[in-house]
1. With respect to ARG229, determine if the residue is part of a helix (DSSP H, G or I) and either of a type outside the set (Phe, Trp, Tyr) or not assigned by TED's automatic domain parsing to the domain that holds ALA103 (or both).
2. Please give the strands (runs of 3 or more DSSP E) falling wholly within region 72-165 in which 2 or more residues are touching a residue at least 12 places away in the same chain (Cβ under 8 Å) and crowded, with 21+ Cβ neighbours inside 10 Å.
3. Return a yes/no flag: does region 369-377 have any residue that is of a type in the set (Lys, Arg) and under 23 Å from GLU430 (Cβ atoms).
4. Given the criteria buried (at least 18 other Cβ atoms within 10 Å of the Cβ), within 28 Å of the chain's Cα centre (by Cα) and modelled with pLDDT of 95 or more, does VAL372 qualify?
5. Of the numbered conditions (1) touching a residue at least 12 places away in the same chain (Cβ under 8 Å); (2) touching a Lys or Arg at 6+ places or on another chain (Cβ under 6 Å); (3) of a type in the set (Asp, Glu), GLU447 satisfies every one except a single condition; which is it?
6. Looking only at residues that are under 21 Å from LEU49 (Cα atoms) and touching a Pro at 6+ places or on another chain (Cβ under 7 Å) in region 271-313, which one is nearest to the ligand (Cβ to nearest atom)?
7. Determine which member of the set ALA65, ALA40 is part of a loop (DSSP other than H, G, I, E, B) and either at pLDDT below 95 or buried (at least 16 other Cβ atoms within 10 Å of the Cβ) (or both).
8. So GLN237 clears everything in (1) assigned to a loop (DSSP other than H, G, I, E, B); (2) under 18 Å from the mean Cα position of the chain (by Cα); (3) surrounded by fewer than 22 Cβ atoms within 10 Å (Cβ to Cβ) except one condition, right? Which one?
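The values are calculated or read from the model by the stated rules, or taken from the named source; none is laboratory data. Worth saying up front: this structure is predicted, and the values here are computed from it rather than measured. Ideal geometry is used to build each Cβ from the backbone, glycine not excepted, and the neighbour counts take in all protein chains shown.
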Amino acid sequence: MHTIPAMTTVALGITLALAGCNQAPADATNHNAPAPRQQADALVAKLTLDEKLSLLSGPGYGPGAAPINLKHDVAGVAGYINGVHRPQDGIDIPTIKLADGPAGLRINASRDNDPASYYATAWPIGSLLASSWDVDLVRQVGTAIGEEMQQYGVDLLLAPGMNIQRNPLNGRNFEYYSEDPLVTGKMGAAMVSGVQSQGVGATIKHFFGNNSETNRHDIDDLGEARTFREIYLRGFQIAIDDAHPWAIMTSYNKVNGTYVNERRDALQQILRDEWHFDGLVMSDWFAGDVKTAPQRQVMAGQDLIEPGNAKPLLQEALKRGELSEAQINEAASRILAKVIKSPSYRRQTPNNQPDLTAHARLSRLAGAESMVLLRNERNALPLASNSRVASFGVNQINTYKGGTGSGDVNAAKTVNIADGLAGRFHVNQELQRYYRAFYASHKVFHEGKFGARGHYTCEEAALDATLESLISSAAQQQEVAVISIGRQAGEGADRTDSKGDYRLNDAEMQLIERVSAAFHSAGKKVVVVLNVNGVIDTSWSNKVDGVVLAYMAGQETGNALADVLSGAINPSGKLTQTFPTNYASVPSSTTFPGRDENGDGKPDRIDYNEGIYVGYRYYSTFGKAVAYPFGFGLSYTRFDYGEPRVVSNRLDEQGNLILSATITNSGQVSGREAAQVYIAAPQGTLSKPAIELKAFAKTALLAPGSAEQLTFTIPASLLASFAPQRNAWIIEPGSYRAYIAPSSDIHGITPVTFTVAKELVVSHTTPGALALPAGVAAKAVTTLTP
Ligand code: BGC
């Protein structure tokens with residue numbers, strides 16, 4: 001389907017080689033075996049109450065907390081599901097191992113008394129991968145992560161992260177895919193299906209509303225049911241429908257006054273009854289009231305409490321009759337139904353030999369295919385190979401492969417930007433020496449709370465006489481300037497709208513100004529590279545000729561960037577989150593990261609004031625300017641969009657709408673294009689965003705002059721809006737416009753129309769689920785309405 005650049009053959013090779021592996025996935029082994037759930041029920045029937053309670057409560061850390069029946073440990077995993085060991089009765093369920101995370105398998109690279117190393121591949125962060133708009137690519141990355149899990153003996157991945165990028169300052173946005181639920185859902189599904197193709201499991205997380213890190217264990221998200229259903233839950237539902245993840249992890253936060261992990265409406269009624277999720281539900285680590293009342297989590301429908309041995313409290317709750325043995329059996333059975341599919345249960349021995357070389361190549365390709373060219377005035381890019389490049393900014397040495405915390409990966413190395421550029425271009429050595437020295441004297445060891453360790457500096461070299469003179473001579477001798485700007489962030493803290501974080505600091509601003517002045521007056525161009533965790537202010541970008549959003553591309557960041565700058569890979573990434581004109585224009589900027597209601601000095605309540613108007617849904621509906629719109633990204637070639645067509649309109653409850661358009665490469669070099677379908681709904685009883693993304697597709701690599709017809713299928717369920725008064729998802733009647741467009745900026749694009757003759761009720765929902773707390777009026781929370 002998809003014509004693949006030379007390097008991708010390697011990735012395909014990996015997939016094929018894996019298909020021939022001796023370690024067959026569980027589902028392929030015995031077709032006559034009873035379904036996992038029946039096997040699990042039969043096993044549970046043989047277990048004692050104590051054994052069942054051990055299954056429900058993950059072991060803790062440290063002495064005395066050893067997992068039960070651990071056959072083989074993997075250092076650095078985040079947790080375990082206890083096993084059961086009663087060989088005299090033929091019961092031998094091994095402990096299974098759970099490891100993070102979203103940018104690759106997070107295990108320790110070394111083990112006590114073991115000379116071997118256990119590096120894993122650091123992949124591009126979620127926000128970058130999603131910017132590929134390429135579900136096939138994400139599936140390949142997932143497959144490779146699954147292979148590393150299998151090779152290293154890890155059973156269940158604690159990823160992908162699927163929270164919505166509600167606000168650019170969420171410290172953990174880098175792990176997540178998008179401000180849009182469809183992109184989030186499709187990327188999550190692709191990752192899950194890749195991982196699970198290797199006979200290991202994936203855990204979609206954090207369900208739901210974990211959209212900020214400040215006081216994350218206690219923050220209460222207040223919002224209307226429609227807001228949660230249409231924006232924050234829909235991605236999870238798509239991933240469940242499309243890819244059947246083994247597990248889902250609930251979030252730390254509360255929603256409308258109650259911890260999500262204690263909300264039966266969320267865990268039972270929505271997840272299982274409405275969506276038919278059949279996997280296991282686990283807590284986030286030490287979440288909620290686990291120290292005092294873990295039984296409430298089980299009563300709500302959570303199967304597994306991680307970590308720290310909640311058993312004694314569960315036992316007491318059973319004695320008091322708060323919890324029943326039937327509830328314990330159900331949870332134990334749901335856990336075992338997945339455990340019995342795991343490599344550990346199937347007694348697979350880790351080979352500890354993942355193909356890290358092939359995976360590094362795929363990581364590089366994934367990074368390059370996903371980077372977003374935000375600005376390219378007068379064809380500043382691509383740069384001819386061997387161009388003389390003056391590379392500025394300490395971030396070229398201090399390159400970030402990913403964010404910190406559980407989304408980090410212990411990779412063997414990171415190719416920094418300086419080395420990546422040096423592999424393709426003639427790089428000015430004096431400047432390199434200058435920045436290496438600056439890095440060496442300014443790096444600080446950061447030991448964050450959540451494994452955020454490492455040496456880095458958050459400073460940029462200030463303009464002094466030495467740097468001034470380096471800039472002047474570089475502007476004479478070199479052909480182009482590349483300035484790297486970096487931002488780190490991670491779990492446990494949010495970012496701030498301040499200089500050095502969301503905004504450039506003075507040294508960075510002066511560097512951009514001074515380098516631009518010197519290079520422009522010598523008739524040369526300046527390109528800024530953003531090696532960032534998420535959105536930053538770009539109000540300076542008209543000072544420079546090119547801007548490449550590299551995000552954090554994993555261990556191959558420098559190489560992937562060089563591939564894009566040189567045109568070896570024509571950039572085809574597009575934004576999956578809006579870059580606003582400034583932070584104050586973000587609709588949730590007034591409520592993020594919450595307000596302190598109980599006077600303990602920490603925010604404890606966030607009002608989802610913008611309702612469903614998150615990201616481009618807000619900017620497009622309220623007519624607000626943005627710096628770079630959702631869906632936007634440039635290429636070194638041009639694409640023409642042929643007339644959109646309605647291929648079929650079978651919109652009934654189970655039906656769908658099929659659209660198509662032909663995309664032609666009308667430029668000079670080969671390239672790929674991610675086309676997006678935005679629907680403008682007629683005004684009915686529910687207020688609707690001006691446009692909403694309902695489908696997307698990416699072309700193969702198209703040679704100049706060649707074309708591809710893309711087809712977009714939109715199921716009725718995706719077209720529907722949530723009608724709270726009706727407890728239903730409905731499609732309102734009327735004439736709809738569909739824009740098949742290169743980005744969410746649909747100005748000047750001619751839509752195709754289709755009609756919905758009468759109202760369609762696509763599905764019914766649980767009355768009253770996710771209601772606001774008593775006494776809180778919707779109008780008091782959702783203050784922003786069109
Ligand atoms: C994070 C999860 C992670 C878990 C285990 C928690 O702090 O929120 O995303 O999977 O730790 O490392």
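1. On the way: part of a helix (DSSP H, G or I): yes; either of a type outside the set (Phe, Trp, Tyr) or not assigned by TED's automatic domain parsing to the domain that holds ALA103 (or both): yes.
Yes: the conditions hold for ARG229.
2. So the answer is 79-81, 96-99.
3. The answer is no; no qualifying residue exists.
4. Numbers: buried (at least 18 other Cβ atoms within 10 Å of the Cβ): yes; within 28 Å of the chain's Cα centre (by Cα): yes; modelled with pLDDT of 95 or more: yes.
For VAL372, the condition - buried (at least 18 other Cβ atoms within 10 Å of the Cβ), within 28 Å of the chain's Cα centre (by Cα) and modelled with pLDDT of 95 or more - is met.
5. Here GLU447 meets the rest and fails (1).
6. Filtering region 271-313 for residues that are under 21 Å from LEU49 (Cα atoms) and touching a Pro at 6+ places or on another chain (Cβ under 7 Å), the one nearest to the ligand (Cβ to nearest atom) comes out as PRO307.
7. Result of the check over ALA65, ALA40: ALA65.
8. (1)
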